[in-house]
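Read-outs: derived from the displayed coordinates by stated rules, not from any lab. Predicted model only: the values in this text are computed from it and were never measured. Here Cβ is always computed from backbone atoms with ideal geometry, including for glycine, and neighbour counts include all displayed protein chains.
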Amino acid sequence: MKIVTLNAGQSKNIEIGGITMTATAAQYTPSSVKREPINGIHHLAFGTKCSKYTYEFYAEKLGMPLVRTENHRQKEGYFKHYFFDMGRDQYMAFFEIHNVGENDEYRTDVSTGLGMPVWVNHVAFDVGSKENLDIMQKRCEDNGVGPLRSVDHGWCQSIYMVDPNMIMVEFTYTNNQDKFFDQTPEEAYDLLFNTAPEDIKEETSKHSKKVSAEGDT
């Protein structure tokens, strides 16, 4: 992949996948970015090849009620679009598609299907507390959802699993908000864009562990 470097305010036409786009460098500093009135996620939408397994996983096993289904005809094909309630007026949605422009061998695994590790593209659900995380872990174990992995990230505690569409699902809560916000916008920007690969520390796995139905292993 070709890296394009632009100075502040500079624009350049670039071609990606046969599509020409105009890239413009930002003219503001990280701390001057204005937060617009965006109130979190309304819904996330993914594709599925089996609505039955998807419904069983999210509604019956994880406890997210199905609250809306829309069926649409599109020329010679059709699709079903349905929504699971994940709390706070936010929804997890799926498309079941039939002859609406998809490839014959399309895949729903949003990470491994694109050549990335399964943990790259994933969905993280906030449960708010350790008590609720324990409740979700037990529910998953009781319903045969697994394998599970528990990870202490230092500022949040999480458990992970994979849904029937090979999408990684995470349940998490923030257990150290001060640590999460211990960087200024400039520091976060510097770590993102000005850290040489050789200066990145090796990831430790001491806080990561598999979880079985019998308990932590």
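Under conditions of 4 °C and 1.567 mPa s, region 41-102 yields 108 µm² s⁻¹ as its translational diffusion coefficient, taking Rh as the Kirkwood radius over Cα pairs in the Stokes-Einstein equation. Checking the table Lys49/Lys80; Lys138/Lys210; Lys138/Lys179; Lys61/Lys138; Lys49/Lys130; Lys80/Lys138 against a 22 Å threshold on Cα-Cα, which pairs fail? Beyond 22 Å between Cα atoms: Lys138/Lys179; Lys49/Lys130; Lys80/Lys138. The relative contact order of region 41-102 comes to 39 percent, based on Cα pairs under 8 Å that sit 6 or more residues apart.
Among 159-171, 104-116, the peptide with the highest mean count of other Cβ atoms within 10 Å heads the list, and the full ranking is 159-171, 104-116.
Treating region 111-183 as a set of equal point scatterers at the Cα positions, no solvent, please give the Debye-formula log₁₀ I(q)/I(0) at q = 0.18, 0.24, 0.26 Å⁻¹. Each listed q maps to, in turn, -0.73, -1.09, -1.18.
Need the full-extension length gain, Asp190 to Ala45, defined as separation in residues times 0.36 nm minus the C-alpha distance. One decimal, nm.
Taking Asp190 through Ala45 to full extension adds about 49.0 nm, to one decimal.
For Gln177 and Glu76, a Förster radius of 45 Å and the Cβ-Cβ distance give a FRET efficiency of 0.30, rounded to the nearest 0.05. Here is the size of the chain from its Cα atoms: Rg then Dmax, 20.8, 58 Å. Only helices enter this figure: runs of n ≥ 4 DSSP H residues, each worth -39500 (n - 2.57), summed and divided by the residues of the chain, yield -4000 deg cm²/dmol at 222 nm to the nearest 500. Between Lys210 and Glu15, the simple label model (points 7 Å from Cα in the Cβ direction) yields a spacing of 4.8 nm. Take the Cα of Gln90, go 7 Å toward its beta carbon, and the backbone nitrogen atoms of region 164-185 under 15 Å from that spot belong to 169-175.
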